[in-house]
Every structure is written in C-alpha cells, then in structure tokens.
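What follows is one structure encoded as structure tokens, with my remarks underneath.
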Amino acid sequence: MGRALELARLGRGKTSPNPMVGAVVVNDGKVAGEGYHHKAGSPHAEIIALDNAGEKAKGATLYVNLEPCCHYGRTGPCANAVVEAGISRVVIAMSDPNPLVCGKGIAYLKQRNVEVTTGVLEEEALLLNEIFIKYITTGRPFVMLKTAMSVDGKIAARTGDSRWVTGPEARSWVHVLRNLYDAVLVGINTVLADDPLLTVRLPGEKGKNPVRVVVDSLARTPLNSQVLSQLAEAPTIIATTGGAGVQKIARLKETGAEVLVVPGDGPRVDLKRLMADLAGREITSVMIEGGGEINASALESGLVDKVIWFIAPKIVGGRLSPGPVGGRGITLMADAAQIENLTVTRFGEDICLEGYLKQFRD
C-alpha cells in the first residue's frame with residue numbers, strides 16, 4: 001500500500017478533478033504490475049496496473065489507495081475490470097467519498113467473490129486526497145491560504161515594499177505549491193501594489209500554471225497588468241460585482257480574460273458564491289496568495305481549510321506596516337481561529353507553519 005500511495009503522488013497537481021490513485025498487483029509475493037492515474041480522462045491506476053500484470057493478474061492481490069470505481073464517467077468502471085482480470089483479493093486504503101461510488105465498488109467486488117480488505121494506511125490516503133474529498137463531498141473547492149510575514153507580523157514595509165519577505169528557498173516552494181492547485185487567488189490590492197504574474201516557474205521542468213483569479217469588486221485591474229497582458233501564460237478570471245459598471249467590465253472582457261459578475265448583497269465580491277462558481281468550472285482547489293484584506297475576508301467567510309504561513313527572521317516595525325490579516329478582527333481572544341495538526345518546516349532561514357483551520361465561531 002505504501003508503494004500504491006507513492007505511485008499516486010506522481011499525479012499530484014495533474015489529476016483534477018479526479019483523485020490521485022496508485023495501484024500495485026502482487027502475485028506470489030512479487031510485484032506483477034503497477035500504475036497510477038496520470039490525468040482526468042486517461043486510464044485509471046487499476047487499469048494500467050492490470051494491463052502491466054497481464055496473465056499474472058489471475059489469482060493475484062491488487063493494492064489500491066482508493067476504492068475502485070463502479071460507474072461510467074470519462075472512463076469505464078474499474079471494479080468490473082478487476083473482476084474480469086481474475087484478481088482474487090483487493091486491499092483498499094479508503095472508500096471513495098464520491099456518492100456515485102461510496103461503498104458500491106467494494107460491494108460489487110464482494111458479490112463476485114473477491115476478498116476485500118479496507119483501511120490499510122487509511123490516514124495517509126485521506127491526507128493525500130484531501131482536495132478531492134472536500135470538493136466531491138461539499139461541491140466547493142479546497143482552499144489553502146498562503147502568506148509570508150516578518151517575525152513581528154508584517155507582510156510589507158510602511159511604503160508597501162514587500163520584495164522580499166522570505167528567502168529564495170521559501171519563494172521556490174511557493175512555485176511548487178502553485179503547481180499543485182487549480183487556481184491561485186489574489187485581491188485587487190495585490191495586483192495594484194505588486195503586479196504579480198502568478199505563474200509556476202520550476203527549475204528544469206515545466207509546471208502547470210493555475211487559473212488566476214482576481215477579486216476586484218470595482219473592476220480596477222489595470223489593462224496592462226501581467227494577469228491581463230500575459231494571458232498566454234495562464235487564463236485569468238476577474239471576479240467583480242454589478243457595481244463595477246458596464247464600461248469597465250466590457251474593457252476587461254476585451255483583454256480576453258473571463259469576467260465573472262458575482263451577485264451579492266454588499267459592495268464586495270461574495271467569496272462563498274465565487275467559490276461555488278469556481279467549483280462549477282471543475283476548479284477543485286484554490287490557493288490564496290493575497291494581502292491582509294482578502295485573507296481576512298476568506299477567513300471571516302469560513303472558507304479556508306488549510307494555512308501555510310512563512311515566518312522570516314526579520315523585524316520590520318512601523319504602525320503603518322501591514323499585517324497578514326486585516327479586516328475587523330475579533331473582539332475576544334476566545335473567538336480566534338484555531339489551527340490544528342500543525343507541522344513546522346525550515347526553508348533556508350525561514351520557518352513554515354502548516355496546519356488546518358477550525359472555523360471562526362459565529
């Protein structure tokens with residue numbers, strides 16, 4: 001199962017909106033075939049592993065980190081192929097949370113006298129496919145908020161200068177993260193201050209650029225900004241409101257970007273509705289790389305699932321130097337958002353905190 005999970009990880013950032021799946025066929029104590037899901041629409045891991053095993057699949061054991069599917073989607077059902085190949089036992093890490101499958105694949109196998117064992121390395125499997133699980137069970141993207149600050153909690157100097165808060169190792173890791181997410185989201189203030197490109201630059205390999213989403217309630221994104229002038233690099237969605245005005249929206253559309261007018265009750269873009277719209281476009285994951293205001297809005301909306309928080313060994317100071325979370329803030333410390341399952345990693349001189357969020361109390 002460890003090898004199946006290792007194979008599944010080879011598909012990170014490439015399989016959306018599908019999960020990452022690896023499979024290993026073992027016959028007489030030896031690996032007879034293995035495979036992993038490369039991308040949506042391509043053969044599933046089980047099919048590749050069975051094809052590699054050939055006749056050796058008969059009477060063998062199949063190890064797979066996710067319950068084999070039993071429905072027709074972009075490809076045919078894997079459970080049928082497992083039975084037809086003559087597999088006698090299937091070891092599964094976790095059941096498929098997709099309502100179309102969810103136990104049906106396991107039941108199909110058992111009904112055809114295939115021995116099934118479940119729950120092997122289940123926690124590792126759940127963590128690996130956290131994005132897919134959130135998306136398929138809620139209909140909303142998995143949201144990760146990434147920020148970087150000095151040790152005294154500043155994301156920029158009082159002049160607005162923010163290049164660079166962290167060192168090269170941490171900045172390189174951000175490109176690895178972008179490569180794993182379907183979309184990267186920033187607010188208009190970040191575009192105006194930094195004019196970011198928001199693409200993936202990985203040394204020695206070509207990454208997958210995420211869809212760029214700019215939250216811009218009044219359609220102020222400059223027409224010569226990189227997110228609009230470099231559309232050949234990656235698609236851009238400008239999320240705005242009806243208050244932006246028809247002419248401004250028309251000018252943004254002329255650049256070739258998609259302009260999404262998000263309905264809402266206030267002057268700001270309703271982030272919950274925006275996330276629902278993104279999910280409808282099969283965007284399963286969103287990485288927020290904005291400033292204090294968009295970070296605060298996402299947190300207050302209860303949208304953030306995970307945080308990655310870089311801390312640089314620098315002291316910036318200044319009453320006017322911005323912090324990573326703006327907005328109204330809380331009135332009582334008891335209402336502070338709690339981070340669980342925290343891990344700490346070093347990137348050069350910088351510290352990276354990674355954890356999962358308990359939502360704000362209302």
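The values are calculated or read from the model by the stated rules, or taken from the named source; none is laboratory data. Predicted, not measured: the structure shown is a model, and the values here were computed from it. With ideal geometry, Cβ positions are generated from the backbone for all residues, glycine too; neighbour counts draw on all protein chains shown. Surface accessibility is based on the protein's heavy atoms, side chains included, excluding ligands, DNA and RNA. Shrake-Rupley method; radii C 1.70, N 1.55, O 1.52, S 1.80 Å.
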* Only one of these is over 24 Å from PRO210 (Cα atoms), modelled with pLDDT of 95 or more and either open to solvent by 30 Å² or more (accessible area, probe 1.4 Å) or not acidic (Asp, Glu) (or both): ASN52, ASN80. Name it. => ASN52
* To do: Would you check if ASN209 is part of a loop (DSSP other than H, G, I, E, B), out of contact with any His (no Cβ under 8 Å at 6 or more places or on another chain) and free of Cβ contacts under 8 Å to residues at least 24 places away in the same chain?
  => no
* Which listed residue, of ILE133, ILE87, ILE106, is in contact with an Asp or Glu (Cβ under 7 Å, 6 or more places away or on another chain) and either at pLDDT 95 or above or under 27 Å from LYS56 (Cβ atoms) (or both) -> ILE106
* Might you check whether a residue that is part of a helix (DSSP H, G or I) and among the aromatic types (Phe, Trp, Tyr) occurs anywhere in the stretch 175-190? => no
